[in-house]
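Data first, discussion second: the structure below is written as structure tokens.
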Amino acid sequence: MKRTLFLWSYQLHPDYLKVFQFNPAEDRLVYVNSTDQWTYYHFHKQRIVYHLSAYRHHFETAKQNGWNVTWIDASTLPEALQGQDALYGFEPTNFYEKAWLNNISINLLPDPTFFILASEWPTLLPPQKNWKLDPLYRQFRQRFNILMEKGEPLGGQYSFDRENRSGYKGDYLVPRLTFTPDTITTHWSQWVLNHFPDHPGSLDAFNYPVTRDDALTMLDHFVTYRLATFGLVQDAMQQHDPWMSHSLLSAAINLGLLSPREVVLHAETAFHKGLAPLSAVEGFIRQILGWREYVRGVYLQKGPRYLHLNYFQHERPLPDFFYDGKTNMNCLSSTLQETIHHGYNHHIQRLMVLSNYANLAEISPQDINRWFNEMYIDSFEWIVAANVIGMGLFADGGMMSTKPYIASGAYLHKMSNYCDQCDYQVTLKTGEKACPFNSLYWQFIHEKKATLQRNPRMSMMVKVWEKMDDTLKKELLETALHHVH
């Protein structure tokens with residue numbers, strides 16, 4: 001029987017065809033470029049180009065191999081797939097994409113590239129139980145025998161996080177691999193400019209691997225030149241360098257140019273070959289085998305309602321400068337400009353600059369969640385939800401973290417060099433020249449103190465606030481009010 005296999009633009013790994021047992025002599029591949037895939041969120045231009053270029057490269061390779069392939073341009077995905085005979089596909093994780101398939105006659109298979117099947121999460125994350133990453137991460141390490149020896153973790157412990165928290169210690173440069181856009185990427189860049197001119201972001205600096213071979217080269221480059229120092233500086237921030245020693249592999253993994261399993265095994269092999277210390281390798285693997293799998297599980301278990309949570313009832317609209325970077329706060333301006341030009345920041349910039357500010361300024365979690373989905377090259381709703389609604393904003397009331405990840409200017413000064421070139425002064429708490437993070441931090445403590453004093457990790461800061469001089473309190477609140485109006 002002839003079958004038709006539909007692949008999403010992010011299901012490009014060879015494992016999909018292998019699991020399906022695709023027969024080039026009989027089966028057909030269908031690729032769909034539909035407007036709804038690029039406009040459900042107002043996606044960054046580079047993200048659309050990345051998906052379409054990688055997707056088209058996959059199509060062209062299959063075509064050159066003599067396979068039966070069909071490319072469909074359509075307004076909506078359901079329109080493109082309606083009426084296809086013996087149609088098969090792999091189940092998407094995003095809820096809205098699942099909804100698109102509700103009225104389509106399609107046989108759906110489990111996604112083979114995750115470590116954990118979607119069907120396993122109800123058992124791993126049961127209702128009415130507290131969910132934590134650490135016990136699951138330990139379980140996954142044991143189950144998949146990653147960084148283990150005779151049933152015990154290498155180095156005698158599962159996490160080396162304490163060794164991976166260094167702040168900014170001076171300019172830090174490591175080699176970065178670059179890719180020149182080929183004719184397919186150039187074509188889709190122009191296509192996006194023509195069809196989505198009002199979408200955010202610039203296309204001037206597109207530099208991502210769009211083929212599996214390029215992605216594998218990028219993986220080798222990371223392991224050879226960056227992994228050894230990854231742990232040391234993973235929490236540090238450096239102006240004009242959002243990459244530092246980070247892998248830059250998240251987008252390639254999320255598109256299926258690489259599988260999480262092969263990336264984890266490559267990093268583990270690097271440790272055994274003496275190319276990187278255990279602390280760096282473990283920290284990197286935890287992000288993929290641990291955190292990436294975990295946030296998918298939370299998304300699947302919490303359902304679409306999770307996207308609407310707003311624990312602190314923050315309602316301020318997203319400031320315009322999130323789309324142009326025009327603010328005098330250098331940490332925000334630099335980070336936002338990098339997002340606009342590259343569709344990328346590393347995780348501490350996303351958490352402790354952007355989400356931290358959004359929380360302290362009481363911006364709507366739904367506005368921020370939408371922005372994160374829009375602006376990043378590696379964004380997917382299933383990834384963004386728990387990272388932003390949960391970890392970044394505490395809008396889920398503590399399902400993802402034990403305390404709000406908020407910080408004043410002192411943290412940013414310790415972890416980065418942003419303060420050196422800022423119009424504001426990080427050492428000042430009040431007044432026009434004071435770092436806004438300082439007053440906004442204490443305003444947050446003041447307004448949420450009834451909730452925060454019940455949190456073991458935040459109650460001390462409530463006590464500090466209550467002991468503060470009344471005049472200073474008043475000045476801090478007045479300064480904070482100036483920054484959000």
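Read-outs: derived from the displayed coordinates by stated rules, not from any lab. Because the structure is a prediction, the values reported are computed rather than measured. Cβ: placed from backbone, ideal geometry, glycine included. Neighbour counts: every protein chain shown.
Each part reduced to its alpha carbon centroid, the range 58-81 and the range 82-133 end up 22 Å apart.
Placing +1 on the Cβ of every Lys and Arg and -1 on the Cβ of every Asp and Glu, with no other charges, gives the chain a dipole of roughly 1340 debye about its Cα centre. Amide H to amide H, with H built 1.01 Å from N, SER416 comes under 5 Å of TYR168, MET237, counting only residues 5 or more places away or on other chains. Ordering of 283-290, 204-211 by packing is 283-290, 204-211, highest average first (other Cβ atoms within 10 Å, averaged per residue). Packing, as the average of other Cβ atoms within 10 Å across residues, places the peptides 95-103, 367-375, 56-64 in the order 367-375, 56-64, 95-103, highest first.
Explain nothing, just the number: relative contact order of the chain, from Cα pairs under 8 Å at least 6 residues apart, as a whole percent. Result for the chain is 16 percent. What's the FRET efficiency of GLN425 with GLU478 using the Cβ-Cβ distance as r and R₀ = 22 Å, to the nearest 0.05? In this case the efficiency is close to 0.80.
Straight-line cross-link partners of LYS414 among the lysines, defined as a Cα under 20 Å from its Cα and at least 8 positions apart when in the same chain: LYS169, LYS429, LYS433. Spin-label pair ASN328-ASN65: with each label point 7 Å from Cα along the Cα-Cβ axis, the two points sit 5.8 nm from one another.
With a ≥ b ≥ c taken as the square roots of the eigenvalues of the C-alpha gyration tensor of the range 1-110, please select rounded if a/c is under 1.5 and otherwise prolate if a/b is larger than b/c or oblate if it is not? Here the range 1-110 falls in the oblate category.
Dividing the alpha-carbon radius of gyration of the chain by the rule-of-thumb value 2.2 N^0.38 Å gives 1.00. Spin-label pair LEU124-GLN313: with each label point 7 Å from Cα along the Cα-Cβ axis, the two points sit 3.6 nm from one another. Residue by residue, the range 232-240 carries 3J(HN,Hα) couplings of 4, 10, 5, 9, 7, 10, 10, 4, 6 Hz when phi is fed to the Karplus relation 6.51 cos²θ - 1.76 cosθ + 1.60 (θ = phi - 60°); x denotes Gly or Pro.
Taking a straight line from the alpha carbon of LYS449, these aspartates and glutamates sit under 20 Å away, with near neighbours fewer than eight places off in the same chain left out: GLU315, GLU362, ASP396, GLU466, ASP469, ASP470, GLU475, GLU478.
In this structure, the amide hydrogen of ALA434, modeled 1.01 Å from its nitrogen in the peptide plane, lies closer than 5 angstrom to those of GLN425, counting only residues at least 5 positions away or on a different chain. Peptide packing: for 458-467, 434-443, the average count of neighbouring Cβ atoms within 10 Å per residue gives the ranking 434-443, 458-467, highest mean first. Sort out for me the Cα centre separation of the range 467-485 from the range 259-328, rounded to whole Å. Using only Cα atoms to place each centre, the spacing works out to 34 Å. Here LYS18 is the anchor, and the lysines within straight C-alpha reach of less than 17 Å, apart from those fewer than 8 places off in the same chain, are LYS2. Each DSSP beta bridge with both residues in the chain is either parallel or antiparallel, and the antiparallel ones are about 15%. Label the range 321-483 by shape, choosing from rounded, prolate and oblate, from the square roots a ≥ b ≥ c of the eigenvalues of the Cα gyration tensor; if a/c is under 1.5 it is rounded, and otherwise prolate applies when a/b is larger than b/c, oblate when it is not. Cα axes put the range 321-483 in the oblate bin.
Helical runs assigned H by DSSP (4 residues or longer) give the chain a calculated mean residue ellipticity at 222 nm of -12500 deg cm²/dmol, each run adding -39500 (n - 2.57) before division by the residue total. Remark: the LEU193-THR402 segment gains 70.9 nm on full extension, using 0.36 nm per residue and subtracting the alpha carbon distance. The spacing between the range 211-249 and the range 353-401, judged by their C-alpha centroids, is 24 Å.
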